[in-house]
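Data first, discussion second: the structure below is written as structure tokens.
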Amino acid sequence: MPRLVKLPWIPSEQQWLDLLDVVRQEPVRNRVMLALAYDAALRREELCSLRTEDLDPAHRTLRIRAEATKTRRERVVPYSAPTGVLLSGYLAHRATISRARGPLFLSESRRNHGQPLSLWTWSKVVRRVALAADLPRFSTHTTRHLCLTDLARMGWELHAIATFAGHRSTESTMTYIHLSGRDLAEKLNRGMQQIHSWRIDMLARAGHPGGVNGQ
């Protein structure tokens with residue numbers, strides 16, 4: 001009996017804008033986390049496991065350590081210039097919490113102040129934002145699905161997307177991509193050359209410079 005595979009949900013353009021309207025009011029930590037999650041197609045564990053020494057701001061890349069991945073394979077992924085601006089702002093804010101090297105994203109709650117941000121806390125942040133934007137299906141994994149679909153829309157070859165995502169096979173990658181074929185990808189590509197920078201640029205324009213809503 002054939003196994004049915006359901007494509008993961010991704011937001012429409014308007015739904016993404018609705019989400020950004022909410023996220024732009026979030027503290028800089030939450031904005032940069034969402035930006036990196038999308039830009040680099042990061043899994044929740046990969047995002048929350050980032051350390052200060054994994055950053056290469058000069059080349060705008062992240063090192064995703066093998067122990068944080070599902071496939072146990074290290075990879076290096078880029079992030080956009082607007083995300084770099086957000087990240088620079090967050091690093092300045094982080095220095096007011098801790099100047100020690102180590103976990104990149106820190107909790108600012110009274111109970112866990114300065115401790116590594118947990119997977120549970122990040123999931124809670126994303127859930128709160130999703131409900132505020134009336135997008136209950138949006139999750140910590142949605143940005144990864146969206147990024148990989150956007151790369152396909154921009155004309156990336158399947159094997160390159162698989163490498164970027166850290167997949168062992170292109171079969172895994174196909175379950176993430178919401179396209180029916182190359183013709184559709186090329187058609188969408190004509191109007192979406194700048195989609196990566198557009199999605200993240202809005203996050204870099206506004207929001208609170210510090211404070212993490214007690215989380």
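We did not get these values from a lab; they are worked out from the coordinates using the rules stated. In this text the structure is predicted, and so the values were computed from the model without any measurement. Quick reminder, even Gly has a Cβ in these numbers, built from the backbone with ideal geometry, and neighbours come from all protein chains shown.
For the reader, a short list of remarks on this structure follows.
- Taking all Cα pairs closer than 8 Å and separated by 6 or more residues, the relative contact order of the range 50-162 comes to 16 percent.
- Counted residue by residue at 0.36 nm each, then reduced by the alpha carbon distance between them, the extension gain from Ser118 to Ala160 reaches 12.1 nm.
- Estimated inter-spin distance, Glu67 and Arg137, nm [label 7 Å along Cα→Cβ]: 3.7
- For the range 33-46, 3J(HN,Hα) computed residue by residue from phi via the Karplus equation (6.51, -1.76, 1.60; θ = phi - 60°) reads 5, 5, 4, 5, 4, 6, 3, 9, 6, 8, 6, 4, 5, 5 Hz, glycine and proline entered as x.
- Shown in residue order for the range 14-24 are the 3J(HN,Hα) couplings computed by the Karplus curve 6.51 cos²θ - 1.76 cosθ + 1.60 at θ = phi - 60°: 5, 5, 4, 4, 4, 5, 5, 4, 7, 5, 4 Hz (x for Gly and Pro).
- Signed unit charges on C-beta, dipole axis of the range 1-86, positive-most listed residue Ala81, Val32, Pro11: Pro11
- Prolate/oblate/rounded label for the range 25-69 (Cα gyration tensor, a/c 1.5): oblate
- Using R0 = 41 Å, the C-beta based FRET efficiency linking Glu13 and Ala100 works out to 0.50.
- Mean silhouette area of the range 44-108, derived from the convex hull of its C-alpha atoms and averaged over all directions, reads 4.5 nm².
- Compared with the alpha-carbon gap, the fully stretched path from Arg127 to Ala92 is longer by 10.0 nm at 0.36 nm per residue.
- Extension gain, Gln25 to Glu171: 0.36 nm times the residue separation minus the Cα-Cα distance gives 48.8 nm.
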